[in-house]
1. Within segment 95-108, which residues are out of contact with any Ser or Thr (no Cβ under 7 Å at 6 or more places or on another chain) and not acidic (Asp, Glu)?
2. Please report, ordered by residue number, the strands (runs of 3 or more DSSP E) entirely within segment 13-123 with at least 2 residues that are free of Cβ contacts under 8 Å to residues at least 40 places away in the same chain, under 20 Å from the mean Cα position of the chain (by Cα) and surrounded by 15 or more Cβ atoms within 10 Å (Cβ to Cβ).
Amino acid sequence: MKKLLLLALMLSACQQFDTLKETIPNPKCEGYEAFEVYQVGSNYLLAKACDNTLFGKCNYTTTVRLPKEEGKTYYDTQRIEIPADKCATLNGIYEYKTALGEKRTVPVVEFDDFRLPNPNFEN
């Protein structure tokens, strides 16, 4: 019984701490670490997402569409890092045809803020 009461107190304390924080982690953040470009379009990039790192090397498995940043130059095999204060979020899908005419559908990835304002924050 004492353990149950202690657990309840700890959980309520954790919820109260959320109201003390001005920002919270963005729940839309995906676990991607970086991207490797393999095709450059007029206003987009097709890239492989680094889903995880094994022995210091990225495991590029998922194809994604990234927006091009104005004023930047892109090329095949370029590694795109996610800025420190940002994270990769999924924002729709993109359909295209390969050179062989095969239809492909990939997620659209954008860089959003890693932390968001806490709606429960109390001054």
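1. 96, 97, 98, 99, 100, 101, 103, 105, 107, 108
2. 44-54, 57-67
No value in this document is a laboratory result; all are computed from the given coordinates. Quick caveat, the model's predicted, so the values are computed rather than measured. Neighbour counts run over all protein chains shown; Cβ positions are idealised from the backbone, glycine included.
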